[in-house]
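Engineer: Just passing along the structure, written as structure tokens.
The values are calculated or read from the model by the stated rules, or taken from the named source; none is laboratory data. Just so it is clear, the structure is predicted and the values come from calculations on it, not from any experiment. Ideal geometry is used to build each Cβ from the backbone, glycine not excepted, and the neighbour counts take in all protein chains shown. SASA here: full protein model, heavy atoms, side chains in, ligands and nucleic acids out. Shrake-Rupley method; radii C 1.70, N 1.55, O 1.52, S 1.80 Å.
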Amino acid sequence: MRSLAARVAADSAEAARLDALISDSLAGDRTYEALLTVPGVGPKTAAALVTLVDVSLFRGHDELAAYTGLAPCNRQSGSSLNSSSPSRGGNRTLKNLLIYSCTSLVGTDNRYGRYYDACRARGMRHNKALKAVARKRLKAIYAIMRDGVPYREG
């Protein structure tokens, strides 16, 4: 048990060291600093976005949403069409970071917290509402990455 606890402590220290190294290497990056101003986006999510996404490759936020797996996709079987199915493709790492970072917005009085409440009031389940908030927030993230300006509530 002691060796397992020592291993966990060592791994936690190594993860903290790597997080600090990544933050230090991105300090001063205009896009990284601007992303940190978005509600719910912390250093880990901002670092992933800066390192994994070249925003110049996307013509709009819809293409970025498709790349991250946050865009809904049409499922068709014969003549039946169901367009409310979630996408199972995309960059799973970014998708999970963007969705799970929205949990900190639940119950807040900012734009995204209110949007989550509205989604729930329309009958959406928690996970689907989080995904909707992540998609809405991705529009702002795309604009911030494209223009390099900080987030402002509006």
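Engineer: Can you tell me which residue within segment 42-59, out of those that are at pLDDT 90 or above and part of a loop (DSSP other than H, G, I, E, B), is most open to solvent (accessible area, probe 1.4 Å)?
Structural biologist: Arg59
Engineer: Among the residues of segment 90-104, is there at least one that is in contact with a helix residue (DSSP H, G or I) (Cβ under 6 Å, 6 or more places away or on another chain), open to solvent by 40 Å² or more (accessible area, probe 1.4 Å) and at pLDDT 90 or above?
Structural biologist: No, because not a single residue in segment 90-104 is in contact with a helix residue (DSSP H, G or I) (Cβ under 6 Å, 6 or more places away or on another chain), open to solvent by 40 Å² or more (accessible area, probe 1.4 Å) and at pLDDT 90 or above.
Engineer: Between a residue in segment 118-136 that is of a type in the set (Gly, Ala, Ser) and any residue that is open to solvent by less than 60 Å² (accessible area, probe 1.4 Å) and not in a helix (DSSP H, G or I), which pairs come within a Cβ distance under 6 Å, given they are 6 or more apart or on different chains?
Structural biologist: So the pair list comes out as Ala134/Leu70.
Engineer: Right, another one. One residue is enough: does segment 43-63 have a residue meeting the conditions touching a residue at least 24 places away in the same chain (Cβ under 8 Å), more than 13 Å from Ala143 (Cα to Cα) and over 16 Å from the mean Cα position of the chain (by Cα)?
Structural biologist: The answer is no, given that none of the residues of segment 43-63 is touching a residue at least 24 places away in the same chain (Cβ under 8 Å), more than 13 Å from Ala143 (Cα to Cα) and over 16 Å from the mean Cα position of the chain (by Cα).
Engineer: Restricted to segment 1-28, and to residues that are under 15 Å from Ala48 (Cβ atoms) and of a type in the set (Ser, Thr, Tyr), which residue is surrounded by the most Cβ atoms within 10 Å (Cβ to Cβ)?
Structural biologist: Ser23
Engineer: Identify, by number, the condition in (1) touching a Gly at 6+ places or on another chain (Cβ under 9 Å); (2) open to solvent by 70 Å² or more (accessible area, probe 1.4 Å) that Pro39 doesn't meet.
Structural biologist: (2)
Engineer: Pick out the one residue from Tyr142, Tyr112, Tyr151 that is of a type in the set (Ser, Thr, Tyr) and open to solvent by 30 Å² or more (accessible area, probe 1.4 Å).
Structural biologist: Sole residue among the options that is of a type in the set (Ser, Thr, Tyr) and open to solvent by 30 Å² or more (accessible area, probe 1.4 Å): Tyr151.
Engineer: I've got another one for you. Those residues that are free of Cβ contacts under 8 Å to residues at least 60 places away in the same chain, of a type in the set (Asp, Glu) and assigned to a helix (DSSP H, G or I), I need them from segment 28-41; list them, please.
Structural biologist: Those that are free of Cβ contacts under 8 Å to residues at least 60 places away in the same chain, of a type in the set (Asp, Glu) and assigned to a helix (DSSP H, G or I): none in segment 28-41.
Engineer: I'm told Ile141 meets every condition in (1) in a loop (DSSP other than H, G, I, E, B); (2) out of contact with any helix residue (DSSP H, G or I) (no Cβ under 6 Å at 6 or more places or on another chain); (3) among the β-branched types (Val, Ile, Thr); (4) modelled with pLDDT of 90 or more except one. Can you identify the failing condition by its number?
Structural biologist: All conditions are met except number (1).
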